[in-house]
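In what follows, a structure is listed as structure tokens, so that the remarks can point back to it.
The values are calculated or read from the model by the stated rules, or taken from the named source; none is laboratory data. Because the structure is predicted, anything quoted here is derived from the model rather than measured. Methodologically, a virtual Cβ is constructed for each residue, glycine included, from the backbone with ideal geometry; neighbour enumeration extends over all protein chains shown.
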Amino acid sequence: MSKPSLSIGTRIKHPVYGAGIILDNSMEAAYTVVFKHHGEKAIAKSFEDLEILELAPLPENRLAVGDIQHIMGEVLRKWAGITEIVPLGNRWKGGKMILQPADPNQKPKEIPIETLFHKIVMIRDRLRVLEQNINKSKNLSAEEKVHIQQYITRSYGSLTTFNVLFKHQEDSFKGEGK
């Protein structure tokens, strides 16, 4: 007797590739799975060492492509750490940040602006996820939520220095304001 097919969106763990999400289950013998650090891989449906982390429900009716894209977008945002694309300001593209030590005998460190910007956007996105988790928490009182939110807001305020890098003002950090 064959194992039932796992549905698209099911989170699995592979012993070599780690955690992944099933993108396609239409092939007879294999799943197409996306892994954060290994990309897409075909994994045999008969592979015994596949651990199921979270089952996605099987659809009652066939899904349209738009439905699948929406579901996959939600799954990837939730589990794979994929962030929205935030454009870097045009004047910074190809630029670099130089960290110059006070000691002239030490070599400066150069970092491409794109790398710095990507890390700043990741911090912003992780702060947003933290806010969402605080708001959803059933273990925190309203007073505790407000108290923690104030720290997050101040963190945004501390990061406003980097707003000059954002192409669109609506993507930038906003603190408490005056």
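Looking only at region 81-99, filter to residues that are surrounded by fewer than 12 Cβ atoms within 10 Å (Cβ to Cβ) and aliphatic (A, V, I, L, M); which one of those is modelled with the lowest pLDDT?
Among residues in region 81-99 that are surrounded by fewer than 12 Cβ atoms within 10 Å (Cβ to Cβ) and aliphatic (A, V, I, L, M), the one modelled with the lowest pLDDT is Ile85.
Quick test of your reading of the structure: Phe173 fulfils all but one of (1) under 23 Å from the mean Cα position of the chain (by Cα); (2) part of a helix (DSSP H, G or I). Name the failing condition by number.
Phe173 satisfies every listed condition except (2).
Would you pick out the residues in region 20-36 that are crowded, with 23+ Cβ neighbours inside 10 Å and among the small types (Gly, Ala, Ser)?
Gly20
Out of Leu130, Leu140, report the one residue that is touching a helix residue (DSSP H, G or I) at 6+ places or on another chain (Cβ under 7 Å), surrounded by 12 or more Cβ atoms within 10 Å (Cβ to Cβ) and assigned to a loop (DSSP other than H, G, I, E, B). Quick ask: steps written out before the conclusion?
On the way: Leu130 fails: assigned to a loop (DSSP other than H, G, I, E, B).
Criteria check complete, one pass: Leu140.
Do any residues in region 143-161 that are on the phi < 0 side of the Ramachandran plot have Cβ atoms under 9 Å from those of residues that are of a type in the set (Val, Ile, Thr) and outside any loop (DSSP other than H, G, I, E, B), where the two are at least six apart or on different chains, and which pairs are they?
Within 9 Å, the pairs are Glu144/Ile134; Lys145/Ile134; Ile148/Ile134; Gln149/Ile134; Ile152/Ile134; Ser155/Ile123; Leu159/Ile120; Leu159/Ile123.
Which count do you get for residues in region 12-32 that are farther than 13 Å from Ala44 by Cα and assigned to a loop (DSSP other than H, G, I, E, B)?
Summing the residues that are farther than 13 Å from Ala44 by Cα and assigned to a loop (DSSP other than H, G, I, E, B) in region 12-32 gives 3.
Step by step: first the residues of region 154-178, then only those that are among the hydroxyl-bearing types (Ser, Thr, Tyr) and loosely packed, with under 15 Cβ neighbours inside 10 Å, then the one that is farthest from Met97 (Cα to Cα). Which residue is that? Lay out the reasoning, then the answer.
Applying the first criterion (among the hydroxyl-bearing types (Ser, Thr, Tyr)) to region 154-178 yields 155-156, 158, 160-161, 172.
If we keep only those that are loosely packed, with under 15 Cβ neighbours inside 10 Å too, we end up with 158, 160-161.
Values: Ser158: 19, Thr160: 17, Thr161: 14 Å.
Taking the candidates together, the pick is Ser158.
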